[in-house]
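J.: What follows is a single structure, and I will ask about it in a moment.
The values are calculated or read from the model by the stated rules, or taken from the named source; none is laboratory data. Values in this document were obtained by computation on a predicted structure and should not be read as measured data. Positions of Cβ are backbone-derived with ideal geometry, glycine not excepted, and every protein chain shown enters the neighbour counts.
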Amino acid sequence: MPDKGNPAKHHAEMAVISSIGLITCTVIAGELLSDVLLDTSHFPQVPAALKPLAIVVFLGFAGLEASKVRSQMAHIQGRRVLTNQY
């Protein structure tokens with residue numbers, strides 16, 4: 001669990017957690033893209049017609065996680081971030 005007593009440590013832990021989410025979403029989107037372009041079967045349970053939509057969704061989640069990482073890093077450095085996430 002993140003340590004809420006020390007704000008800098010809390011923001012650092014949350015940045016690491018969001019980075020893991022960012023990497024995970026990017027890898028899943030890459031595997032889905034490989035399924036579409038190279039006709040592989042990393043995700044055989046996802047219908048072929050839905051794979052392009054799934055790619056867009058996972059890239060969107062990756063973008064949101066990247067925004068959270070940027071925000072947490074700015075908090076660690078003591079800068080204000082103009083977002084409406086919090």
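Okay, residues lined up against (1) out of contact with any Leu (no Cβ under 8 Å at 6 or more places or on another chain); (2) among the β-branched types (Val, Ile, Thr); (3) without any contact (Cβ under 8 Å) to a residue 60 or more places away in the chain:
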| site | (1), (2), (3) |
| --- | --- |
| 8 | yes, no, no |
| 15 | yes, no, no |
| 25 | no, no, yes |
| 40 | yes, yes, yes |
| 44 | yes, no, yes |
| 53 | yes, no, yes |
| 58 | no, no, yes |
| 62 | no, no, yes |
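J.: Further question: I'm told residue 26 meets every condition in (1) hydroxyl-bearing (Ser, Thr, Tyr); (2) modelled with pLDDT of 95 or more; (3) surrounded by fewer than 16 Cβ atoms within 10 Å (Cβ to Cβ) except one. Can you identify the failing condition by its number?
T.: (3)
J.: Where residues in the range 1-44 are among the acidic types (Asp, Glu) and under 16 Å from the mean Cα position of the chain (by Cα), which of them is nearest to residue 66 (Cα to Cα)? Talk me through it step by step, then tell me what you get.
T.: Within the range 1-44, the subset among the acidic types (Asp, Glu) is 3, 13, 31, 35, 39.
Filter again for under 16 Å from the mean Cα position of the chain (by Cα), leaving 13, 31.
On the way: 13: 15, 31: 19 Å.
Residue satisfying both the conditions and the ranking: 13.
J.: Of the numbered conditions (1) surrounded by 12 or more Cβ atoms within 10 Å (Cβ to Cβ); (2) in a loop (DSSP other than H, G, I, E, B), residue 45 satisfies every one except a single condition; which is it?
T.: (1)
J.: On to the next question. Does residue 36 fit the bill of being touching a Pro at 6+ places or on another chain (Cβ under 7 Å), modelled with pLDDT of 90 or more, among the β-branched types (Val, Ile, Thr) and surrounded by fewer than 16 Cβ atoms within 10 Å (Cβ to Cβ)? Give the steps one after another, and end with the answer.
T.: Numbers: touching a Pro at 6+ places or on another chain (Cβ under 7 Å): yes; modelled with pLDDT of 90 or more: yes; among the β-branched types (Val, Ile, Thr): yes; surrounded by fewer than 16 Cβ atoms within 10 Å (Cβ to Cβ): yes.
When the stated conditions are applied, residue 36 passes them.
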